[in-house]
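For reference, the structure is listed below as structure tokens.
The values are calculated or read from the model by the stated rules, or taken from the named source; none is laboratory data. Everything numeric here is computed off the predicted structure, so don't read it as measured data. Heads up, the Cβs are rebuilt from the backbone with ideal geometry, glycines too, and the neighbour counts pull from every protein chain shown. For accessibility, only protein heavy atoms count, side chains too; no ligands or nucleic acids. Shrake-Rupley method; radii C 1.70, N 1.55, O 1.52, S 1.80 Å.
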Amino acid sequence: MIIKSILINCLAVLTFVASVPPTVRAEVVNRIVATIDGEPVTLIELERYAEVAKKRPGGEQAVVDQRAILDELVLDKIITKQVEVLGLKASDQQVDNYIESIRTRNNLSEEQLREALRQQNLSWDQYRVQVRADIERANLINREIRTKVNVSPEEVERYYKAHLDEYGTSPKVHARLISLLVPKNASDADKAELRAKAEEVHKLAVDGGNFAKLAKEYSQGPAAAEGGDIGEIEPAEMQPEFAKAVAGLKPGEVSPLITTAEGFHILEIEQQSGETHRPLAAVSEEIQEKLYKEAMETRYDRLLNQDLRSRHHVEIML
């Protein structure tokens, strides 16, 4: 009796499934996962969209979150709607010109381009669809964002004043130099003796000795006869050891003893000159470009994630 009951139940289920019209069964499989202004987005559409997305660079990793892919599909459909409403559809000629520019820029023949697409499992027709979508999205961005983003001179100046540390520059220094050079083939003992002599001269300079006279007496470096006066120079143009030694020195101060492969050196800063920051006129174009790019990115994110969606009624059913 139990077996008979089970068989009767199974037959009842099979009879019910068989009695469901094919269209109803298809609707169960191809269910609606979202609506945009009442228009349905089906599961099959989503699966096809995901397959195309997989063919993009890095697409295999990106197509994991089905809800995220659905959001992307919904956004693409909203963009298509806006393109149609605003009359921004791309013509076949625009698509042809765009593909030609890509081909020329990459020095590819049409066959080479088609072969590159085949390697990505992308047909020529699918590629044209992608190109058309790219052009139309660019048209929409130009209409909705680019023409409305502007960076004023006042904004540039405000940014400059708030970020002065980004535009600092080392002032030039007027310096004197004492160098005690190591002779070729000098022994370790010779080097130690020369270093001791350099330390003695350094102490005299630090203790207030006349640097110019010390240079004339002891220096073997450039301009020794002129009291070691090497003129005005930017620290960035000095040897790294010299630039490090003079960093932070004020006029009248003497550097620590500097050791290089050539010998031992002492610098005295006589005076500083020049701007401590790059002038606004020299960096305004750079700042304007930076602010414009940031404003474009902000407006672009807002357009895609807020503005466009707010113009349409979207329901997600996934």
Residue among 249, 300, 238 farthest towards the positive dipole end of the chain, charges placed on Cβ: 300
Report the charge-dipole magnitude of the chain in Debye, nearest 20, computed about the Cα centre from +1 at each Lys and Arg Cβ and -1 at each Asp and Glu Cβ. 1360
Row for the chain, column shape: gyration tensor on C-alpha, a ≥ b ≥ c, rounded if a/c < 1.5 i.e. under 1.5, prolate if a/b over b/c, else oblate; value prolate
Which angle from 0 to 90°, rounded to the nearest 10, does the C-alpha axis of helix 66-85 make with the longest principal axis of the chain? 90
Given springs between every Cα pair under 10 Å in a Gaussian network model of the chain, which of 36, 233, 141 has the largest fluctuation? 233
Nitroxide proxy distance, nm - points 7 Å out along Cα→Cβ at residue 37 and residue 285: 4.4
Helix 110-119 against the longest principal axis of the chain: what's the angle in degrees, Cα atoms only, rounded to the nearest 10? 80
Would you please give the residues with an amide H less than 5 Å from that of residue 220, counting only those at least 5 places away or on a separate chain, with H modeled from the backbone geometry? 179, 180, 181
Which of 121, 305, 106 ends up with the largest GNM mean-square fluctuation for the chain, with Cα atoms connected below 10 Å? 106
Suppose every K and R has +1 on its Cβ and every D and E has -1 on its Cβ; what is the size of the dipole of region 221-268 about the Cα centre, in Debye to the nearest 20? 220
Please work out the average accessible area per residue across the chain, using the 1.4 Å probe convention, and give it in Å². 64
Among 130, 101, 80, which residue has its Cα furthest toward the positive end of the charge dipole of region 69-154, with +1 on Lys/Arg Cβ and -1 on Asp/Glu Cβ? 80
In a Gaussian network model of the chain with springs linking alpha carbons closer than 10 Å, the residue among 123, 187, 179 that fluctuates most is 187
If you roll a 1.4 angstrom probe over the protein chains with everything in place, what fraction of the accessible area of the chain belongs to carbon and sulfur, to the nearest %? 53
Do the alpha carbons of any pairs in 54/89; 191/213; 54/81; 203/250; 172/244; 172/213 sit beyond 20 Å of each other, and which pairs? 54/89; 191/213; 54/81; 172/213
Could you tell me which of 210, 53, 271 has its Cα farthest along the dipole of the chain towards the positive end, charges placed at Cβ (Lys, Arg +1; Asp, Glu -1), taken about the Cα centre? 53
